[in-house]
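Student: Take this structure first; my questions come after.
The values are calculated or read from the model by the stated rules, or taken from the named source; none is laboratory data. Quick caveat: nothing in here was measured; it's all calculated off a predicted structure. Ideal geometry is used to build each Cβ from the backbone, glycine not excepted, and the neighbour counts take in all protein chains shown. Calculation scope for accessible area: heavy atoms of the full protein, side chains included, ligands and nucleic acids excluded. Shrake-Rupley method; radii C 1.70, N 1.55, O 1.52, S 1.80 Å.
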4 protein chains.
Amino acid sequence: MTWKEKVHEVIYEADTTAGKVFDVALLIMILVSLALVVLDSVNHLNLEYHTLFLTLEWIITIFFTIEYILRIICINKPKKYIFSFYGIVDFLSTIPLYISLIFAGSGALLSLRALRLLRVFRIFKLVRYTGAGSRVAVSLKKSLPKILIFLYSVVVISFIAGTIMYLVEGPENGYTSIPVGIYWTIVTLTTVGFGDIHPVTPLGQFVATIIMLLGYGIIAVPTGIVTAEMTKEHIKSNTQVCYNCGENEHKDEAEFCHNCGYNLNKGKKEKKEIKE
Amino acid sequence: MTWKEKVHEVIYEADTTAGKVFDVALLIMILVSLALVVLDSVNHLNLEYHTLFLTLEWIITIFFTIEYILRIICINKPKKYIFSFYGIVDFLSTIPLYISLIFAGSGALLSLRALRLLRVFRIFKLVRYTGAGSRVAVSLKKSLPKILIFLYSVVVISFIAGTIMYLVEGPENGYTSIPVGIYWTIVTLTTVGFGDIHPVTPLGQFVATIIMLLGYGIIAVPTGIVTAEMTKEHIKSNTQVCYNCGENEHKDEAEFCHNCGYNLNKGKKEKKEIKE
Amino acid sequence: MTWKEKVHEVIYEADTTAGKVFDVALLIMILVSLALVVLDSVNHLNLEYHTLFLTLEWIITIFFTIEYILRIICINKPKKYIFSFYGIVDFLSTIPLYISLIFAGSGALLSLRALRLLRVFRIFKLVRYTGAGSRVAVSLKKSLPKILIFLYSVVVISFIAGTIMYLVEGPENGYTSIPVGIYWTIVTLTTVGFGDIHPVTPLGQFVATIIMLLGYGIIAVPTGIVTAEMTKEHIKSNTQVCYNCGENEHKDEAEFCHNCGYNLNKGKKEKKEIKE
Amino acid sequence: MTWKEKVHEVIYEADTTAGKVFDVALLIMILVSLALVVLDSVNHLNLEYHTLFLTLEWIITIFFTIEYILRIICINKPKKYIFSFYGIVDFLSTIPLYISLIFAGSGALLSLRALRLLRVFRIFKLVRYTGAGSRVAVSLKKSLPKILIFLYSVVVISFIAGTIMYLVEGPENGYTSIPVGIYWTIVTLTTVGFGDIHPVTPLGQFVATIIMLLGYGIIAVPTGIVTAEMTKEHIKSNTQVCYNCGENEHKDEAEFCHNCGYNLNKGKKEKKEIKE
């Protein structure tokens, strides 16, 4: 085992103690770098703790730089990593400070540093989904096409309702253009209701009432879709079929058929024995 | 096949290549015309790109004009099309520019052009619902009577609560009339909450609290209705049909028809025996 | 059949043509009286159509007076009607105009007239619930105890969170007392969010964030309760048990047992025959 | 039975009449003390009823003091009670008035008195959950891990969306820092929508639209989780236990145990035969 293989094991895997320690260190570094981006944007904190923030920024940048270089060195196909999603995120979240050395005081730098937020997905990768999480994710994935069609319908409704509100209320009441009317309709349909724009004329308030009742009625749709998908899961819990009587829909842990009492796993075991 | 039949095939159907090309072109034209209506309402865009918008407007108008004339010519019963929903929408979304030539600078023109938004339904017709979409639509259609009764109850509650709020808060706190009170109650019950009007007196805030808790409780009703309808679909999944009486929707484990008592599995078993 | 019995049939029942005509007339009168209360509160309408409103008011009052007197005359136990819910509502919604003759220009009169809104419940009685409505009502009634416990928990949370917000933000940021803090918490938990009061300090915004996420999480509870109740209905649709094999959970229209093919209605029919 | 045992029965148990009377008295005292904390914070009430409030405060304090001392005296292991959750809450909700005697006019006193709100949990203990409540609680407990993962995802989305809004809108439109942007995103995602901060630029409004539609879509997730859990309960209603291996949760129509293959109905049939 070469040193490259050892480093590969530490960085890319999590089976050894060293690998686990590295993962935890990476997790902490990502969280600290996130906190830095967030807190740095608070004006008075930025002024007060400027030196502390800059020092931490340098520590993280150096850690990320070493990590990035090691990841390239100790992998067989570096190109594949470099142009992968995580490769690009790793690169972009490492360079901002180096750029600031060359172009002093560039404002767009912050935007670049904000890309570091995408590292949060690596945390998802580290802290693996528990069973509960993945099941929710599966239900959501299955619901996605239905929800997209639903959202498309919401957008169509918003176009029509937004235009009506623009015609009814007009620019003098804050509905300065149709896009603004559409924005207001979505704010209202989703029951957010900022109140920055709101109907003033009685007719406008009447139309708004109908839009709100509509929004109240259709909020049920995405909920219904996801719930139906999640409930489905519980009912169709197993696809095993009894070799003896053909009964299906057995419980997940069933070892014997609940209809005829035949051993459900017999066939499989025999096949296994032949294999061995 | 006359040229009229050929044009009919291209415009009304989507089986041939020409028909598909026409459908895509129509789709693009509708989207462009929608975008024009929306963007034209934005003041500074209107001033800047006035010539571009007018040119595109003319192109679309001419395309829609030709399409409208062809649709009338190449159909057997033109009257039926002209007075159908799509016929009227097609006509209304074509004429605004011609009217503006006669009555220069009419403000109501925009309202007429906004009718073009109704063309969006033709997109629905073009991009047929996927299976997922139609299933959601079926569930919604079945839920509709229940949801309407629910919305009626919400309106009754709003009348009573709106009157109470008008009496409690009064015109000096923004509740200038009972209709305004009803408008506010619906804004609150649907959890939109613009904040343009809000209770000021302690008693008014107390009543508002009760209305909000009520709204929080009854938001469950439409969701429950739609979800129950969507879940229902999964439970009644059995597609078995009785050989004897043709009854369907049997329970999953049924062995005999619940309508005529005929053995549901007889036919299958006999076929199986022959196989073996 | 005396004239009292005839009047009783017309007013209290809806089997004869006269009865149906009376019900429809009553329905219209109630709706008109509701519209009068609502529109009368709009200031400029009140000034403009004062005479029209007063005339309609008198017509309705006289109609209601006659109806009230007839209802008392043509019933066997008048006291029972007079002190019933509808009796009191009928009385209170009739007298306001008579009172205004005695005490000219009394402001509290409007409050009394607003009681007429309670007549809306008589509409519910007239337009009987369809099957759909009653089923929703049954599900809601069954869910009620669970929803009440849920609302009680929401109130407890609001007391604690409202006190915290009062301590964190203080009177200088709009949280002038703990009741105001509780009011704000309910506005936030129910996702209404008027924005009349909102956290200003970073700590207050952080606490508000937690309250909002909590509200987002617990909005699921009433929905879950009602949906589970409504879904239940579909699953446990029948309590019939087969006389032959004891199988239960038959479909609603089942005539034969799906397990053994025995006629489910046999026993009942035999009993019927004996009866006859 | 010593007097200590008698007191223990009254305070800690609720089987005797004296015990029930004590529980009710405690319930009233807790509610009065809660009302005092809440009403005392209302400025004009505080000025008007100062003497009344102070008198009630003293009565409650003395009652709580006696209760606290008795609870310590009449229990075998006083330390266990003193350092338990309820022991600490009881202590903290008793002392504020004594402290105010020593340090006159300390402002932080109110915060200490607010801890008395935690006594509300003792009410939960007194008024035992009805069956309905506990079932909801069980469903919620089972849903908790899924809901926590969901809330974690919401927080991650808020970090990313909050940073984008900060970059798009900037401090001049109210998004003074990234934490403020995150706060705004959570206000919007949860559909609360105070309106204290809201997007002003067209691009910001467009991003806000997407965030709102996202929030509208994902509000379905917690609802789906809780509902699926509550519905599950209804489906797995079978309470059959295998005579052979003790396995439970069999399918409704199961005739043989799915764990050991034993005939589930054997025992019952034999008993039946004996009966006949």
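Student: For D:ILE123, which of the numbered conditions (1) at pLDDT 80 or above; (2) outside the structural domain of D:ILE210 (by TED's automatic domain parsing) fails to hold?
Tutor: Going through (1) at pLDDT 80 or above; (2) outside the structural domain of D:ILE210 (by TED's automatic domain parsing) one by one, D:ILE123 breaks only (1).
Student: What residue, of A:LEU27, A:LEU39, is part of a helix (DSSP H, G or I), at pLDDT below 85 and under 23 Å from the mean Cα position of the chain (by Cα)? Show your work before the answer.
Tutor: Numbers: A:LEU39 fails: at pLDDT below 85.
Of A:LEU27, A:LEU39, the one residue that is part of a helix (DSSP H, G or I), at pLDDT below 85 and under 23 Å from the mean Cα position of the chain (by Cα) is A:LEU27.
Student: Here's a follow-up. How many residues are aromatic (Phe, Trp, Tyr) and more than 10 Å from chain D (Cβ to nearest Cβ) when one looks only at segment A:164-189?
Tutor: 2
Student: Filtering segment C:71-101 down to residues that are assigned to a loop (DSSP other than H, G, I, E, B) and in contact (Cβ under 8 Å) with a residue 60 or more places away in the chain, which residue is farthest from C:VAL7 (Cα to Cα)? Spell out the reasoning first.
Tutor: We begin by selecting, within segment C:71-101, every residue assigned to a loop (DSSP other than H, G, I, E, B); these are C:74-77, C:83-84, C:93-95.
After this cut, where a residue has to be in contact (Cβ under 8 Å) with a residue 60 or more places away in the chain as well, the list is C:74-75, C:93.
Working: C:CYS74: 7, C:ILE75: 9, C:SER93: 22 Å.
Looking at the filtered set, the residue picked out is C:SER93.
Student: Next question, about the same structure. What are the residues in segment A:34-58 that are open to solvent by 40 Å² or more (accessible area, probe 1.4 Å), closer than 23 Å to D:GLY174 by Cα and polar (S, T, N, Q), if any?
Tutor: Result: A:ASN43, A:ASN46.
Student: Criterion first (surrounded by 16 or more Cβ atoms within 10 Å (Cβ to Cβ), modelled with pLDDT of 80 or more, closer than 27 Å to A:SER41 by Cα and outside the structural domain of A:GLY215 (by TED's automatic domain parsing)) does A:LEU118 satisfy it? Steps first, answer last, please.
Tutor: On the way: surrounded by 16 or more Cβ atoms within 10 Å (Cβ to Cβ): yes; modelled with pLDDT of 80 or more: no; closer than 27 Å to A:SER41 by Cα: yes; outside the structural domain of A:GLY215 (by TED's automatic domain parsing): yes.
Criteria not met by A:LEU118.
Student: For the subset of segment D:207-224 comprising residues that are facing chain A (nearest Cβ under 8 Å) and of a type outside the set (Gly, Ala, Ser), which member is surrounded by the most Cβ atoms within 10 Å (Cβ to Cβ)?
Tutor: D:THR223
Student: Here's a follow-up. List, please: which pairs have Cβ atoms under 7 Å, are six or more places apart or on different chains, and start with a residue in segment D:20-39 that is closer than 15 Å to D:ILE66 by Cα and end with one that is of a type outside the set (Ser, Thr, Tyr) and at pLDDT 85 or above?
Tutor: D:MET29/D:ILE60; D:MET29/D:PHE63
Student: Continuing with the same structure: Looking only at residues that are under 26 Å from the mean Cα position of the chain (by Cα) and more than 9 Å from chain A (Cβ to nearest Cβ) in segment D:154-163, which one is surrounded by the fewest Cβ atoms within 10 Å (Cβ to Cβ)?
Tutor: Filtering segment D:154-163 for residues under 26 Å from the mean Cα position of the chain (by Cα) gives D:154-156, D:158.
Still in the running and more than 9 Å from chain A (Cβ to nearest Cβ): D:154-155, D:158.
Working: D:VAL154: 21, D:VAL155: 16, D:SER158: 23.
Restricting to residues being under 26 Å from the mean Cα position of the chain (by Cα) and more than 9 Å from chain A (Cβ to nearest Cβ), the top hit is D:VAL155.
Student: Okay, moving on. Any residue in segment B:47-70 that is over 18 Å from B:VAL10 (Cβ atoms) and assigned by TED's automatic domain parsing to the domain that holds B:MET29 sitting within a Cβ distance under 6 Å of a residue that is modelled with pLDDT of 90 or more and among the basic types (Lys, Arg)? List the pairs, counting only those 6 or more apart or interchain.
Tutor: none
This table checks each residue for (1) surrounded by 13 or more Cβ atoms within 10 Å (Cβ to Cβ); (2) at pLDDT 85 or above; (3) more than 21 Å from B:PHE121 (Cα to Cα); (4) not charged (D, E, K, R).
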position	(1), (2), (3), (4)
B:ASP15	no, no, no, no
B:VAL32	yes, yes, no, yes
B:ILE60	yes, yes, no, yes
B:ILE66	no, yes, no, yes
B:PHE85	no, no, no, yes
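Student: If you check B:VAL138 against the conditions, is it modelled with pLDDT under 90 and either at the interface with another protein chain (Cβ under 7 Å from one of its Cβ atoms) or open to solvent by less than 40 Å² (accessible area, probe 1.4 Å) (or both)? Let's see the steps before the verdict.
Tutor: Working: modelled with pLDDT under 90: yes; either at the interface with another protein chain (Cβ under 7 Å from one of its Cβ atoms) or open to solvent by less than 40 Å² (accessible area, probe 1.4 Å) (or both): no.
Considered against the rule, which asks whether it is modelled with pLDDT under 90 and either at the interface with another protein chain (Cβ under 7 Å from one of its Cβ atoms) or open to solvent by less than 40 Å² (accessible area, probe 1.4 Å) (or both), B:VAL138 comes out as no.
Student: Then there is this: Report yes if some residue within segment D:190-197 is at the interface with chain A (Cβ under 10 Å from one of its Cβ atoms), modelled with pLDDT under 85 and open to solvent by 20 Å² or more (accessible area, probe 1.4 Å); otherwise report no.
Tutor: Let us first name the residues in segment D:190-197 that are at the interface with chain A (Cβ under 10 Å from one of its Cβ atoms), namely D:190-197.
Applying the additional criterion that residues be modelled with pLDDT under 85 yields none.
Within segment D:190-197, none of the residues are at the interface with chain A (Cβ under 10 Å from one of its Cβ atoms), modelled with pLDDT under 85 and open to solvent by 20 Å² or more (accessible area, probe 1.4 Å).
Student: Would you confirm whether or not segment D:212-227 contains a residue that is within 30 Å of C:ILE211 (Cα to Cα), modelled with pLDDT under 90, among the hydrophobic types (A, V, I, L, M, F, W, C) and not in a helix (DSSP H, G or I)?
Tutor: yes
Student: Please enumerate the residues belonging to segment D:141-171 that are at pLDDT 85 or above and of a type in the set (Ser, Thr, Tyr).
Tutor: Just the residues of segment D:141-171 that are at pLDDT 85 or above, to begin with: D:154-155, D:157-171.
Listed by number, the residues that qualify are D:SER158, D:THR163, D:TYR166.
Student: Within segment C:30-89, which residues are of a type in the set (Phe, Trp, Tyr), closer than 27 Å to B:ILE182 by Cα and touching a Ser or Thr at 6+ places or on another chain (Cβ under 7 Å)?
Tutor: Across segment C:30-89, the qualifying residue is only C:PHE64.
Student: If I ask for residues that are in a loop (DSSP other than H, G, I, E, B) and open to solvent by less than 20 Å² (accessible area, probe 1.4 Å), which ones from segment B:164-189 would you list? Give the derivation first.
Tutor: Within segment B:164-189, the first condition is being in a loop (DSSP other than H, G, I, E, B), and the residues that meet it are B:170, B:174-177.
Matches in segment B:164-189: B:GLY170, B:TYR175, B:SER177.
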